[in-house]
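The values are calculated or read from the model by the stated rules, or taken from the named source; none is laboratory data. Since we're looking at a predicted model, the values are computed, not measured. FYI the Cβ positions are ideal-geometry reconstructions off the backbone, even for glycines, and counts take in every protein chain you see. Remember, those area values only see protein heavy atoms, side chains included, never the ligands or the DNA or RNA. Shrake-Rupley method; radii C 1.70, N 1.55, O 1.52, S 1.80 Å.
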Amino acid sequence: MSDLVTLSKHGRVAVITIDNPPVNALNSDVRSAITYHLIKAEADEEVDAIVIIGAGRTFIAGADIREFNKITSGLQNWEPNDLNSVCYEIEENPKPVVMAIHGTAFGGGLELAMAGHYRIASPDAQVGQPEVKLGLIPGAGGTQRLPRLAGVAKAAEMCAFGEPISAQEALDLGILDRIVEGDLLSAAFAFAADVASLPLPPKVRDRNAKLAGDHSAALASVRAACGKRARLQKAPLAALEAIEAAVRLPFFDALQIESDLFARCLHSNQSKAMIHAFFGERTVSKIPGIGKEVKPRKIATAAIVGAGTMGGGIAMTYVNAGIPVILKETSQEALDKGLATIRNNYEASVQKGRLKQDFVDKAFARITPVLDYGRFAEADIIVEAVFENLALKKKIFQQLDKVAAPDAILATNTSTLDIDAIAAATSRPDRVVGHHFFSPANVMRLLEIVRGKQTSPEVLVTSLDLARRLKKVGVVAGNCRGFIGNRMFHQYISEAVFLAEDGTPPDQIDRALYNWGMAMGPLAVIDLAGLDVGWRIRQEFKHLERPGVRYAEAHDRLAECGYYGQKTRAGWYLYDDKRKPAGINPAAHEVIASIGRPQSPASAADIVDRCIYALVNEGARILEEGIAIRPVDIDIVYLNGYGFPAWRGGPMWYADTVGLPKVLDRVREFGWEPAPLLVKLVTEDKTFAALEQ
Ligand code: NAI
């Protein structure tokens, strides 16, 4: 029998310990071993009660997600009742089974725990049914037992939104029987010994009291919230359907409905895409050719140059993660302004209940405002976030070279400039790297880590490690104009502008992409970011424009007229004082008329194909040039920095699901030059995913 699960005895209490590091995932071996030991403990006359506990840092954090991949790709059979049968084995046991929970009891872990006769937990434990985050629903009774313990409304929220709750809340709701201080195992022994002589409590599946009554209003309100929080996602609605069945039908009939819905979700493209994204976040932290022998450096103190939009947000990101920041500006006035913005942002977060006052006070106190480089030698990393101007950045890097500690990392937040040119201004180009944060930097999860020609492996590994500490997802990109994200985004936005120039109304363009799943339409995004930003960049790079290549003229013309978007209350759309859109800007129609192209509005399907395949085609070039390491790196950039829907898996994954021959046909139909890699993959009958293997 697998040694991932062991059986030991403490007096007349048997202890089944699950030891499958790092998170005690419930794989097939673990499931069979639990059953095996349960049967043994049941048969043992010297055992009166059984405790199930996790070794290491947690109880059971969920299913083994790799098994889902094996099932959907046909490598492993799906036995729908696998975990269910372990649950029955527990539930039917004539001896009391006590679940002792620390860390997390998530997904299958909570389902297993709910089959127990009792649940006790450490004060810092958490429980939850997060399956929807992978496009799934609980598949082993979670949608059936949770409403019986926590009530229908709370179970609906937990299964549909996937957010965990604390041990205290779980106790108040009735999911837990007791919270115990001190050593969990000793507490479990004592608890088990106490209950051993009592009659068994009713099985959770028979506790129907909380199902009684009319829950339709509560369920309707969770369903409505899903429409906003998980727009277009199927799993949250499936979870609600299973919970409705729990209310309506006897346990086993409803359980069958849960199993059917689970299977449908498991084989859906949405779930496959979300599982791809889940593993993708882990894959992107691996850089081929850099082994485990390269260790990250410890980052204890940071310094930031520039307290503007980005510098301020980056400072918040660091201090939120407990890393003190020395923040430099050019004048007291600019420094005061930067600090005031940071303070306002924090106040807004406290008001919205997102952060606690105490947390914010401590974070803010970690910022040391300065006007010179006097203390910069203390920093392990320096992040430059001054205006986007190469001459200025070079000058600053020359200064940093003089003041920084010898092995400090020198990072630039540039979004378009050449990292190698900036690195060349120093005597240590190997310590220079791009740290491209996204606005607002304290909110957006993506960090593009831009690798210059000479950036050292240690700097890259430290950057990835730091990204994790900053609660970001770091993706390594090569050095080119726009790196991965903005280089592709340029094609996407241009295509949206071309569609507008060719007669498709701006709101139809935005609606088509929003309805497809993008968080915002492309023209609305540009209004938010500011039309002036792209316009200034295009001015600077005018000399790089290729003759004969179509250019998004309408954008520049709007910007030239002072329509910068939300900040001027007019861009593609007009905005009211609260920045709410108030219809299309009539000037946009005039600009389009003045460009004078033949007008033929596109269908929603064409809008989507043109914009999304523009991403895919440029993504293929980026891969070919080695700017992105793998297709999944591009996907993770788009899922975390550009509002691409998680359930579509990212542009490259999506292209595979459409079928690359179809994508290539459309690219040709649109009259674009296909990326050679796209043509090659189609010729060889391969997918982008095949490049990852
Ligand atoms: P910003 O104009 O809001 O802030 C720049 C700040 O740098 C100003 O407060 C200025 O006083 C300060 N500064 C200039 N020279 C300085 C010096 N020698 N020492 C100290 N401070 C100095 O600009 P923003 O938007 O924050 O952009 C900064 C960088 O971040 C640029 O390279 C930009 O391309 C990049 N970026 C901007 C994004 C955005 O959405 N705004 C997104 C990602 C990157």
Relative contact order as a percentage, the chain, C-alpha pairs under 8 Å and 6+ apart, gives 9
Output ordering of 271-280, 124-133 (per-residue mean of other Cβ within 10 Å, highest first) is 124-133, 271-280
In whole percent, the fraction of accessible protein surface over the chain that belongs to carbon or sulfur atoms, probe radius 1.4 Å, stands at 53
Scoring region 5-261 by relative contact order with C-alpha pairs under 8 Å, at least six apart, yields a percentage of 18
Amide H neighbours of Tyr564 at under 5 Å, excluding residues fewer than 5 places away on the same chain, with H built from the backbone geometry, are Ala570
Scoring only Lys, Arg, Asp and Glu (+1, +1, -1, -1) among other residues with Cβ under 15 Å from the Cβ of Gly213 yields +3
Lys and Arg at +1, Asp and Glu at -1: neighbours of Thr426 with Cβ under 10 Å from its Cβ sum to +2
By the mean-Cβ-within-10 Å protection proxy, highest first, 566-576, 221-231, 642-652, 519-529 rank as 642-652, 519-529, 566-576, 221-231
With the charge dipole of the chain built from beta-carbon charges (+1 for Lys and Arg, -1 for Asp and Glu) about the Cα centre, the Cα from Ile342, Ala425, Pro457 projecting farthest to the positive end belongs to Ala425
Summed over the other residues with a beta carbon less than 12 angstrom from that of Ala500, with K and R at +1 and D and E at -1, the charge totals -3
In degrees, nearest 10, the alpha-carbon axis of helix 332-351 is tilted away from the dominant principal axis of the alpha carbons of the chain by 30
The distance between the Cα centres of region 556-579 and region 444-492, in whole Å, is 31
Everything considered on the Cα gyration tensor (a ≥ b ≥ c; rounded for a/c under 1.5, else prolate if a/b is larger than b/c, else oblate), region 5-261 must be described as prolate
With the 1.4 Å probe rolled over protein heavy atoms, the chain has an accessible area per residue in Å² of 42
Between the Cα axis of helix 660-669 and the main Cα principal axis of the chain, the angle (0 to 90°, nearest 10) is 30
With -39,500 (n - 2.57) per DSSP H segment of 4 or more residues and division by the full residue count of the chain, the 222 nm estimate, nearest 500 deg cm²/dmol, is -15000 deg cm²/dmol
By the Cα gyration tensor axes a ≥ b ≥ c (a/c under 1.5 gives rounded; else a/b larger than b/c gives prolate, otherwise oblate), the shape of region 163-276 is prolate
Extend 7 Å from the Cα of Ala391 along its Cα-to-C-beta direction; within region 513-543, residues with backbone N under 11 Å of that point are none
Between the Cα axis of helix 251-266 and the main Cα principal axis of the chain, the angle (0 to 90°, nearest 10) is 30
Taking 299-307, 394-402, 507-515 and ranking on average Cβ neighbours within 10 Å, highest first, one gets 299-307, 507-515, 394-402
When the charge dipole of the chain is computed with +1 on Lys and Arg Cβ and -1 on Asp and Glu Cβ about the Cα centre, the Cα farthest towards its positive end, among Val473, Gln129, His490, belongs to His490
DSSP beta bridges in the chain: the antiparallel percent, rounded to 5, is 25
Counting only DSSP beta bridges fully inside region 5-261, the antiparallel percentage to nearest 5 is 30
